[in-house]
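No value in this document is a laboratory result; all are computed from the given coordinates. Everything numeric in this text was worked out from a predicted model, so none of it was measured. We place every Cβ from the backbone using ideal geometry, glycine too, and count neighbours over all the protein chains shown.
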Amino acid sequence: MVRKTETLNLRVAPDLKDLIRQAAEAERRSISSFVEVLVRDYCQEKSISTGQKQSRLPEEGIQGR
């Protein structure tokens, strides 16, 4: 059975976590969704691909980008 999602744990400074939380709230997203969109937008901008079809597209990128 193929997994639909994976878990990613990372450590960040408390002030960075607060910035991420605030930014996610401003976009009306969960922190997880916000980070996913940031990474997808960055990879698209830099032409980085896994070579696999993207399982799901974010509704839209981060506003103002």
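Key figures for this structure:
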read-out: Fewest-first ranking of 3, 21, 40, using other Cβ atoms within 10 Å as the exposure measure; value: 3, 21, 40
read-out: Simple spin-label estimate for residue 32 and residue 48 in nanometres, 7 Å along Cα-Cβ; value: 2.1 nm
